[in-house]
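Heads up, the thing below is written out as structure tokens.
No lab work stands behind these numbers, since they all come straight from the coordinates. This is a predicted model, so every value here is computed, not measured. Here the Cβ positions follow ideal geometry from the backbone for every residue, glycine too, while neighbour counts run over all protein chains shown.
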Amino acid sequence: MKFLVLCFIMIFFIYAPNNSIAQYDYLKMVEQWPPVTCLNLPCVRNPKNFSLHGLWPSHLSGRSPMNCPPLGGFQITSVQTLFPRINNSWPEIKKGEEERFWREEWDKHGTCSQSKFPVFDYFKLALDIKDRVNILQALIDHNVQPSSTITYDYALVSKALELKTGKAPELRCIQPNGQGPVYLHEVGICLDRDGINFQDCLQTQRQKDRVVKLCDNNKFYLKPL
Ligand SMILES: *[C@@H]1O[C@H](CO)[C@@H](O)[C@H](O)[C@H]1NC(C)=O
Ligand SMILES: *[C@@H]1O[C@H](CO)[C@@H](O)[C@H](O)[C@H]1NC(C)=O
């Protein structure tokens, strides 16, 4: 009997964290730089600004949660009152497939913070965070200008954003075809679980994550618009 009880307790602790929702440590809002998303393909939308990629519930160690069991599916009507704001700040630039993009982001990431932020709240939070930090302006203010000749490094670009949020961002780069110039592609801004206070993005990502390492190990371009 004692053994059985022990087994149940162990099974509970092994499986409970996966079954329960909202198991995440912090939030990461990620914005993309459209000229780099569209490097190798024509895009139908070309915003002259950083635009939202997503809001990702993240773990301090180990893989971040994804595709959590949904309590409710994404409906375009849930974000109707966020128009036109959401469509301007969170466009799907390659094909103009906003609805698919938002649904994918909700299914993959939003579901993992749904107990705190149901569909509408999740999308509104992402937009509110974006508007708290004007990433492009922060870079320009620190003399990080879009340019096809000047390269930048992690410390300088990170500093530009730290001056605005007080916390270290995450820089994500790409190198088309695995060789040649490295481009800044995305910027992550991290916040606490409630999405209120900025916090440093995880330093370990710089050693772990391929796209973050690319920024960390190379001089990179901020491609002109
Ligand atoms: C978003 O705006 C674009 C450009 O104005 C428009 O073509 C598109 O239909 C809009 N998307 C939605 C889902 O309304
Ligand atoms: C770019 O996005 C930021 C953050 O959302 C916003 O404050 C700014 O007004 C936008 N700039 C332009 C030119 O639309």
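For the options ASP209, ASP25, ASP192, a Gaussian network treatment of the chain with springs between C-alpha atoms closer than 10 Å singles out ASP209 as fluctuating the most. Between the amide H of TRP56 and those of LYS28, MET29, VAL30, distances stay under 5 Å, these residues lying 5 or more places away or on another chain, with hydrogens modeled in the peptide plane. Considering only GLN175, SER58, THR151, the residue lying farthest towards the positive end of the dipole of the chain is GLN175, judged by Cα position with unit charges set on Cβ. Largest GNM mean-square fluctuation among ILE140, ILE93, ILE129, using the chain with Cα springs under 10 Å: ILE140.
Among LYS94/LYS167; LYS108/LYS130; LYS28/LYS124; LYS94/LYS164; LYS95/LYS159, which pairs are too far apart, with a Cα-Cα distance over 25 Å? LYS94/LYS167; LYS94/LYS164; LYS95/LYS159, as the Cα separations exceed 25 Å there. Can you give me the long-range amide H partners of HIS185? Hydrogens built in the peptide plane at 1.01 Å from N, cutoff under 5 Å, separation of 5 or more residues or another chain. Excluding prolines and chain starts, which carry no amide H, the hits are ARG172, CYS173, ILE174.
The trypsin sites (Lys or Arg not before Pro) found in the range 64-169 that occupy coil by DSSP, while having at most 13 further C-beta atoms within 10 Å, are LYS95.
Amide H contacts under 5 Å for SER64: HIS59, restricted to partners 5 or more places along the chain or on a different chain, H placed in the peptide plane at 1.01 Å from N. Backbone phi angles across the range 173-183, fed through the Karplus curve with coefficients 6.51, -1.76 and 1.60 (θ = phi - 60°), yield HN-Hα couplings of 10, 10, 10, x, 6, x, 8, x, x, 9, 10 Hz in residue order; Gly and Pro are listed as x.
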